[in-house]
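Before any comments, here is the structure.
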Amino acid sequence: MINKVINASIITLTKNDTKKFNRTLKSINSQRILFCIEWIIIDGSELSIQEKHLNLISKYFSSKLKNYVYIKHINSNHKNLNGIYPCMNYAKKIAKGNHIIFLNSGDKFFNKYSLNSLIKKTKIISQKDSLVFGQANIIASKKIKWLFPGKNLNSFKKWLVFFEPNHQAMLISKSLASRFDFSEKHSVISDGYWKRKIINKSKEIIYINKPVINFYLDGVSS
């Protein structure tokens, strides 16, 4: 499978939280795809928890999906990767997919067709440096949730002047993602700076007017 075209690299950062990691694993495992993807897991957990993560993958990952998914588990401690942004930069650098999406531990796709919906849009893109994004279903609690962007968005291009999508809802061409690293000098805002560069330098942007991910405010990305 490694010799086949990898349409997307899903990058997941996790640390000492098996419950949230399992939520993301189940989400990826549920995807209805007939194309190859790569799942890069940057794991900063204690060794005993990393073993649990590997066991979960071995136990629950669909045998059918294994024909389409190449899983790469990396111990960030062995690579001397300290902090979220060094891990994200490293994963982005080694990614083999034509596109990249960050889906950190605790995050999940909105439904089983979400990844397929994103990849489908890349087939109609003519530009190398491109971006496809959809809505994020932001979940604060069982009763409090909202869509970002909202349902009544008239012009996504005008919206992008003032806002950036959740990175979990962004499928970015590898050629574009490789041009910029996350700043490792800042502990929180590097994500926003990076997304703004991606938006400004995208030669083509497609917006999907429906939710593609569930973003939990208790996840690693928060």
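The values are calculated or read from the model by the stated rules, or taken from the named source; none is laboratory data. Please read these numbers as outputs of a predicted model, since none were measured by experiment. Ideal geometry is used to build each Cβ from the backbone, glycine not excepted, and the neighbour counts take in all protein chains shown. Calculation scope for accessible area: heavy atoms of the full protein, side chains included, ligands and nucleic acids excluded. Shrake-Rupley method; radii C 1.70, N 1.55, O 1.52, S 1.80 Å.
Summary table below
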item	result
Helical contribution to [θ] at 222 nm, DSSP H n ≥ 4, -39,500 (n - 2.57), averaged over the chain, rounded to 500	-9000 deg cm²/dmol
Placed amide H near Lys112: partners under 5 Å, 5+ positions off or other chain	none
Gyration tensor (alpha-carbon) shape descriptor, the chain, a/c threshold 1.5	rounded
Rounded FRET efficiency, nearest 0.05, which uses the C-beta distance separating Arg196 from Ser126 and R0 of 30 Å	0.80
Across Lys142/Lys195; Lys123/Lys203; Lys20/Lys143; Lys93/Lys145, pairs whose alpha-carbon gap is larger than 22 Å	Lys142/Lys195; Lys93/Lys145
Selection from Leu153, Ile41, Ile84 lying farthest towards where the dipole of the chain points positive, charges on Cβ	Leu153
Segment 36-42 - phi-based ³J(HN,Hα) in whole Hz, Karplus 6.51/-1.76/1.60, Gly and Pro as x	8, 9, 10, 10, 9, 10, 9
Accessible surface of the chain [probe 1.4 Å, protein heavy atoms]: carbon and sulfur percent	51
Residue-normalised accessible area of segment 81-222, given per residue in Å² at a 1.4 Å probe	51
Dipole of segment 63-222, positive direction: furthest Cα of Gly134, Ile94, His73, with charges on the beta-carbon	Gly134
Whether segment 118-179 is rounded, prolate or oblate, judged on the alpha carbon gyration tensor where a/c under 1.5 counts as rounded	prolate
5 angstrom amide H check on Ile6, placed H, neighbours 5+ away	Asn98
In segment 8-105, trypsin sites (Lys or Arg not before Pro) in a DSSP loop with at most 11 other beta-carbon atoms within 10 Å	Arg32, Lys64
Candidates Ile74, Ile144, Ile33, ranked by Gaussian network fluctuation over the chain, Cα under 10 Å, top entry	Ile144
Cα-centre dipole for the chain with unit charges at Cβ (Lys and Arg positive, Asp and Glu negative), debye to 20	720
Antiparallel bridges, percent of DSSP beta bridges restricted to segment 11-157 (to nearest 5)	25
Pairwise label distance in nanometres, Asn209 with Lys151, each label 7 Å out on the Cα-Cβ vector	1.3
Peptides ranked, highest mean first, by Cβ atoms within 10 Å: ranges 106-114, 175-183	106-114, 175-183
Principal-axis tilt of helix 18-29 within the chain, Cα atoms, nearest 10 degrees	60
